[in-house]
Each structure stands twice: as structure tokens, then as C-alpha cells.
Amino acid sequence: MRNSVILILLIFLVSSIKAQEPKDFKFGHYYNLNSEKISGFLYCPPNLNSIVFKLDNETPKETISLDKIQSVVLAASKDSLVVKTEENKLNKKYLATLVARTPERNFFCKYRIYTSGGAQSMSMSAAPTMAASGGRAIYSNANSYSTTAGVTSVEETYMYEEGNTTYQLTKKNYIGILSKAFADNPILIKQFQSKYLGFEDLGLIFKKYNEDKKTNTTKS
């Protein structure tokens, strides 16, 4: 699930540094602050702090900042991108995916997308190929607007929800926070408390939690 979400994010979020073209827009919908569903064609600039929206090819484009959006969904995907706030600061909003829901709290993943090696970005219609995974997932950019091959990368930052905002999981706090949140999975707790699964394995830890939760739900 984690890898498929990242692929969808890359295809959706990483866009051309040129002027937006019709092919850069993908059909989907977003929910505004009144929980109203608004369908049309979506595009997200590389800075990830807004979306560009239009109803169809005949209507003008509209740039909508994240502080006016609850979530974004692509028609071809069941995964949604939710707007979260970091450290309760209104100027630190970001698009994220829910990676785990526990009895104690919710956890999200924030992404930073960047390109190295010449190409500045990739087409939303390009299909990235995974080259590595872990704390940072790296994808090979096979379809770039540049003639020079580049590598488009995704940096993942895992966040925990507290109250109406989120905070970053760090090497200093992740064991304490996850130990309380994962009280319903003592075996997994032992694995990261003993450092069998470390901070760099956060993606795997959340994946294992979700898989174990699903297995236990099926058995019951």
C-alpha cells in the first residue's frame, strides 16, 4: 500500500516547470472547508502549497491554497491526500497520506519531492520506476521534460497527530510515542524497542502494524 501511495503522489504532484498543459491535469475532486465535493481537473505545482483547478478545458484555471482544502482525491485512485498543519502553524500546511490509525492517535506521511541530475521535474503522466525504498524512496525518472536524465526522489517525513495539529517523529521521540500508540500490538513494540526495527524502518513499522491489525480483525 505504501509504495502505491507514493507512486500516485509522484504522478499527481510532480509536474512540469513549464506552463501547465492539458496533459498535466488529472480528473478528480477536492473537498473544501465546508466539506463540499468539487469535481474537475487538478494540477499541483512543484512547491506543493496549492492546487490548480478547472472544471473543464473551456473554463479558466483557479489556484486554490491548501488552507481552503480538506482533502484531494484522484478519480483513478482510492487514496486521498489530506491537508494537515504542522506544529499548529497556519503557514505550515502540507498534503499528506494517513499511514496508520491506532486507538491512541493517527499517523501521517509528509512528502518532499525533488529532482537531481539535470531534470527539474517529471510529467504527471510519466510512470516512475522504483529504485530503492526505506526512510527515503527514490524513483528513476524515465520521462522528463529535460533531455538530460534525472532522478526524481521522494523524501518521507512521518508525523503524529496531537490535538488539531501534527508533529514530526524523530529519533528521540519515536519509541515513546509508538509504544503508547501501538499498545494493541505488544510484539511489534518489542521489535522497535529492541532496535530490531529502527527509526529508518518507520515505513515498515507502520506497514506491519496495519497488516497485523487487518489479520486480527479477520480472525475475530
Practice task
Pull up all non-local amide H partners of Lys92: gap of 5 or more, or a different chain, and H-to-H distance under 5 Å with H placed in the peptide plane.
Solution key: Glu86
Exercise for the section: Rounded to the nearest 0.05, what FRET efficiency do Asn49 and Arg101 give with R0 = 30 Å and r taken as the Cβ-Cβ distance? Could you check? Expected result: 0.70
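So if each residue of separation counts as 0.36 nm, and I subtract the Cα-Cα distance between Phe199 and Phe27, what length gain in nm does that give? Write down the numbers at each step before the final one.
Values: separation 172, 0.36 × 172 = 61.92 nm, distance 3.65 nm.
Working it through step by step, the gained length comes to 58.3 nm.
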Completion exercise
Sorted by chain and then number, the residues having a modelled amide H within less than 5 Å of the amide H of Ala100, at least 5 places away or on another chain, are Phe107
Exercise for the section: For the pairs Lys61/Lys89; Lys110/Lys213; Lys26/Lys89; Lys61/Lys84, note any where the Cα-Cα span goes beyond 26 Å. Expected result: Lys61/Lys89; Lys26/Lys89
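Quote the FRET efficiency, to the nearest 0.05, computed for Gln70 versus Asn91 with a Förster distance R0 of 22 Å and r equal to the Cβ-Cβ distance. Display every interim value, and only then the final one.
Numbers: r = 18 Å, r/R0 = 0.82.
E(calc), rounded to 0.05, equals 0.75.
Read the figures in this text as sums done on the coordinates, not as results from a lab. Quick caveat, the model's predicted, so the values are computed rather than measured. Glycine gets a Cβ as well: all are built from the backbone with ideal geometry, and neighbour counts include every protein chain shown.
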